[in-house]
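Comments concern the structure below.
The values are calculated or read from the model by the stated rules, or taken from the named source; none is laboratory data. Remember, predicted model here, so these are calculated numbers, not experimental data. No Cβ is skipped: glycine too gets one built from the backbone with ideal geometry, and neighbour counts run over all protein chains shown.
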Amino acid sequence: MNKTALRALLKERRELIAPEAHGLSRPTGRGRRARGLSQQQVDELTCRAIDTYNRLETGRYPNPPADYLRQVGRLFGLNEQEWVMLCRYAGIGDPPGPLNPSSGLEVPGVWQEAVDGIGHMAYLTDASWNLLAHNRHFADMHPGRRVPANTLRWMLLDREARGTSLVDWDTVWAPLVLPQLRAALAARPEDATLRRIEREVRADPALGPMWEACGAHIHPDGDERPLHHALHGPGHVSICAAQPLTAPGARLIIMLFRPGPRKSHPRVPMLRAAGPGDTGG
């Protein structure tokens, strides 16, 4: 628990909430000069016993329940990055899921310009794997430049992807993508898009048995996989994956395509910062 950071975050955000917005009166009287909600009003709005919130803000509430932190986070209008910080400062580690069900379904519009500026195939999806942004290099990869509406469904269920684009689909792509669907459902069990894809996967003759036996690989960052490019033919891609900080579950994927067999390109070594004794020579 980081009591100093916890108190600073909660106090700052509490003072931004007008009591009138929740049908409460602004406390008055001698000694009452603080802005925003009072600590007792937070207890009232979260239906908790008096002094519960004071214990949280002052760091006297060890390991508070995640559902209570979620109540406070939503009341204070925290964004997803602040929600992560709240849970860490309160001593429970990373949150069990996003603060709000709608989180991860939108990103700032400037991301389109950022994706356009990437010199490799690049695209951005929301937490349901719906395509939000892509660049021309990603469109060029697809026959007729027809980009998929949902990249997870495309990788698992699209006939053209399974038969042509995703080389060795049944041994390389599908076994590594299915665990990502399972992980996404664990984080967002009520996501209608992901549940629909799951039903299609279970009903698919090839994917159904794989689904029951799928492993624990949950992200593609650093992977290399064979791919047939619509313009450049057979080759392989190196995959880089990242996540916008305010959109949990959303992901930026950058694919570096290299034509020809994999063995013709040596694997790039890991990047590490130089240690104290390294001279760089």
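Structure notes:
- Scanning region 41-83 for residues that are without any contact (Cβ under 8 Å) to a residue 40 or more places away in the chain, assigned to a helix (DSSP H, G or I) and farther than 13 Å from LEU10 by Cα yields GLN41, ASP43, GLU44, LEU45, THR52, ALA66, ASP67, TYR68.
- Taken as a whole, the condition of being outside the structural domain of THR246 (by TED's automatic domain parsing) and either free of Cβ contacts under 8 Å to residues at least 24 places away in the same chain or over 28 Å from PRO244 (Cα atoms) (or both) applies to ALA18.
- Members of region 107-131 that are farther than 10 Å from THR151 by Cα and not in a loop (DSSP other than H, G, I, E, B): VAL110, TRP111, GLN112, GLU113, ALA114, VAL115, ASP116, MET121, ALA122
- Residue match in region 212-219 (condition: more than 30 Å from VAL268 (Cβ to Cβ) and aliphatic (A, V, I, L, M)): yes
- Taken over region 197-242, the criterion of being farther than 18 Å from VAL172 by Cα and crowded, with 16+ Cβ neighbours inside 10 Å is satisfied by ILE197, GLU198, ALA230.
- Among residues of region 168-192 that are farther than 15 Å from LEU105 by Cβ, those with a beta-carbon under 6 Å from a residue that is in a helix (DSSP H, G or I) and not aliphatic (A, V, I, L, M) at least six positions away or on a different chain give the pairs TRP169/ARG162; LEU178/TRP211.
- Pair list, Cβ < 6 Å and 6+ apart or interchain, from region 147-162 residues that are over 17 Å from ALA122 (Cβ atoms) and not assigned by TED's automatic domain parsing to the domain that holds GLU198 to residues that are assigned to a helix (DSSP H, G or I) and of a type outside the set (Val, Ile, Thr): none
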